[in-house]
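One structure is given here, and the rest of the page talks about it.
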Amino acid sequence: MTGDRPGASAASPAGPAPSSQASASSSAGSASSSAGSASSSAGSASSSAGSGALSARRTLLSVERLDARHGLLHAVRGVSLTLAEGEKLALVGANGAGKTTLLRALAGAHPAAAGTVRFDGADVTALPAHRRVALGIALVPEGRRLFPEMTVVENLLVAGRHRRPGPWTVDTVLDAFPLLRPLRNRRAANLSGGEQQATAIGRALMTNPRLLLLDEVSLGLAPLAVDAVYESLTRLIATGTTVILVEQDLGRAMRIADRVVCLLEGRIVLDGPAGELTRERVTEAYFGLRSAAAPAVP
Ligand code: ATP
């Protein structure tokens with residue numbers, strides 16, 4: 001966990017500057033603009049605060065009144081949001097707010113108790129995870145979950161079973177994460193945390209996703225490893241990949257994202273453009289202080 005998390009005192013490390021192009025670029029356009037809309041209409045993405053460029057993009061993900069439970073525990077409560085193609089959304093919230101459960105529900109790794117998830121206009125709510133992967137939804141799970149006895153390359157190739165056609169191959173992943181190239185034949189169990197995280201992100205990229213769901217990629221990593229992973233990730237994100245990023249380091253999340261959504265006890269309490277939200281505003285929502293639901297949540 002880094003020091004820029006709300007309530008922590010240390011300053012966050014400076015984020016890497018996005019470079020103009022990743023070596024394995026995806027087909028989408030530039031990573032520009034922001035949107036604060038939480039509406040759920042299909043078709044073109046609506047935007048209450050974003051630029052014209054983003055509002056003209058098509059809606060890739062549309063979530064309506066989504067509920068997810070762990071037994072009796074109601075972890076995700078009536079979540080509605082839309083994500084435009086190319087948008088980068090940072091999902092923040094305190095421990096137990098429901099971030100991981102929401103990402104897993106979007107990926108099909110956790111069942112929806114109610115509500116709908118539409119991806120590129122198609123209702124995927126009942127689809128299992130591997131069918132969603134084939135449509136272009138990839139999850140980088142908290143804790144990496146690599147096959148420890150398999151090498152870096154073998155871990156990447158395993159993901160290729162459900163891959164869509166696209167630019168990501170073992171070679172382009174190793175270009176995007178140069179720290180992995182000399183380690184490509186090393187077993188995952190013998191990698192450092194940062195190297196494992198890079199492999200886990202690479203594994204998701206191997207499916208050629210249209211939507212990349214990243215769950216706490218910096219969790220448990222040394223600060224230098226976080227910087228290395230984020231350097232590659234920032235280049236990747238700048239190519240136009242659509243991303244939902246769960247990140248406890250608020251400063252980093254707000255630098256990398258177009259838009260910030262804050263969950264509190266399973267509900268969205270803040271949804272707005274990263275460039276227009278102050279750190280204080282997000283921190284208030286994070287802790288449920290004041291009337292945090294004020295700005296962009298309809
Ligand atoms: P963290 O930052 O700690 O990972 P989070 O915002 O990702 O938190 P979730 O992990 O989605 O939150 O958890 C949401 C709620 O569901 C919490 O109250 C948590 O205790 C509970 N929960 C999560 N996983 C399970 C599980 N496997 N069984 C029972 N309850 C769970």
For peptides 245-251, 200-206, sequence by mean Cβ density within 10 Å, most packed first = 200-206, 245-251
Within region 110-208, DSSP-loop GluC sites (Glu not before Pro) with at most 12 other C-beta atoms within 10 Å are Glu149
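Please report the equivalent ellipsoid semi-axes of region 135-242, computed as sqrt(5 x eigenvalue) of the Cα gyration tensor, largest first, in whole Å. Numbers along the way, then the final one.
On the way: eigenvalues 69, 52, 32 Å².
With the √(5λ) rule applied to region 135-242, the semi-axes are 19, 16, 13 Å.
Using mean Cβ contacts within 10 Å as the protection proxy, how do 183-193, 96-106, 130-140 order, highest first?
My ranking of the peptides, most packed first, is 96-106, 130-140, 183-193.
Quickly rank 58-64, 159-165 as a protection proxy: mean count of other C-beta atoms within 10 Å, highest first.
Highest to lowest by the protection proxy: 58-64, 159-165.
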What one gets for region 227-285 as the Kirkwood radius, inverse of mean 1/r over different Cα pairs in Å, is 12.3
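The numbers here are math on the coordinates, done by the rules we state, and not lab data. From a predicted model like this one, the values you see are computed outputs, not experimental measurements. When we count neighbours, we look across all protein chains shown, and the Cβ atoms used for this are built from the backbone with ideal geometry, even at glycine.
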